[in-house]
Amino acid sequence: MSTFTLNPGGLTADLPAGTSLLQAILAVGGQLVTKCGGNASCGACHVFVVEGRKGVSRLTPAENAKLDTLVGVGSKSRLACQATLLGTEAVTVEMLGALSG
Ligand code: FES
């Protein structure tokens, strides 16, 4: 299990390993509209992993390629549909847009 926290808002839940960050965001009550259905092609799920980056799966080539095309990408950037919780440590994600809900 990983303790997952979504900011802004501080929404949190304990979630099993293998949960994607996108699933985690929705599980704690966050809202994230995807355009590609989680195929690493729309970039709408770009988030920052601000804590616990080692508790998240490694970048895949597809994720890396998509991130390269986005504006505002930094070292903490991940595609929430591709990155999954490893269950090894707590993970905190910051969404780019305003959090609703
Ligand atoms: S949902 Fe489209 S890139 Fe992640």
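Since every read-out is calculated from the coordinates, none of them should be taken as a lab result. Owing to the predicted nature of the structure, the values given are computational and were not obtained by experimental measurement. Here Cβ is always computed from backbone atoms with ideal geometry, including for glycine, and neighbour counts include all displayed protein chains.
For Thr12, the criteria (1) more than 8 Å from the ligand (Cβ to nearest atom); (2) in contact with a Leu (Cβ under 8 Å, 6 or more places away or on another chain); (3) part of a loop (DSSP other than H, G, I, E, B) hold in every case but one, which is (3).
For beta carbons closer than 8 Å, sequence separation of 6+ or different chains, a first residue in segment 73-88 that is over 16 Å from Lys35 (Cα atoms) and aliphatic (A, V, I, L, M) and a second that is in a loop (DSSP other than H, G, I, E, B) and more than 16 Å from the ligand (Cβ to nearest atom), the qualifying pairs are Leu85/Pro16; Leu85/Ala17; Leu85/Gly18; Leu86/Ala17. With the condition kept exactly as written, say whether any residue in segment 34-48 is within 13 Å of Thr5 (Cα to Cα) and not in a helix (DSSP H, G or I). For segment 34-48, residues within 13 Å of Thr5 (Cα to Cα) and not in a helix (DSSP H, G or I): present. Restricted to segment 15-72, and to residues that are within 13 Å of the ligand (Cβ to nearest atom) and of a type in the set (Lys, Arg), which residue is nearest to Thr88 (Cα to Cα)? The selected residue is Lys66.
Scanning segment 52-63 for any residue that is buried (at least 17 other Cβ atoms within 10 Å of the Cβ), in contact (Cβ under 8 Å) with a residue 40 or more places away in the chain and in a strand (DSSP E or B) turns up nothing. Here is the figure for segment 79-94: residues that are surrounded by 24 or more Cβ atoms within 10 Å (Cβ to Cβ) and touching a Lys or Arg at 6+ places or on another chain (Cβ under 9 Å) total 4.
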